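Scroll down for the structure; my scribbles are underneath it.
FYI, it's all coordinate maths here, none of it is from the lab. Not measured: the values here are computed from a predicted model. Every residue, glycine among them, receives a Cβ derived from its backbone with ideal geometry; neighbour counts consider all protein chains shown.
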Amino acid sequence: MERKQIKAMFFILTMITALVCHHQSEAISFIGRLKCVLDIRSVEGCVDAIKKATKGDSRGLDKECCDAISGLTNDCLPIIFSGGPAIGLLVKAACTHKFDDAN
């Protein structure tokens, strides 16, 4: 094989390897996204409470919902809080403020 052919084959193999690795990580992230959503949906009324909390009304956040929210990893925040992870951090802070002050 000529030098150009070797370089082309190396490039093609590199691209195929990168694509295979990328698709494997997508499968893992899909499972992770699904787990994030299921963790919140498993608590009755939590989805509605989160929607209201993102608009500034944290009255609907109960202890069980806040426990589910505080259990979310940082990777889950942009999935649950589509407005960005900062909103998720604010809702987590509202939960902390609401239930830590009671102690």
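Provide L77, L34 in ascending order of the number of other Cβ atoms located within 10 Å of each residue's Cβ, fewest first.
Ascending Cβ contact count within 10 Å gives the list L34, L77.
Which FRET efficiency value, to the nearest 0.05, do you get for K63 and A8 by plugging their Cβ-Cβ distance into 1/(1 + (r/R0)^6) with R0 = 41 Å?
With R0 = 41 Å, the Cβ-Cβ based efficiency is 0.10.
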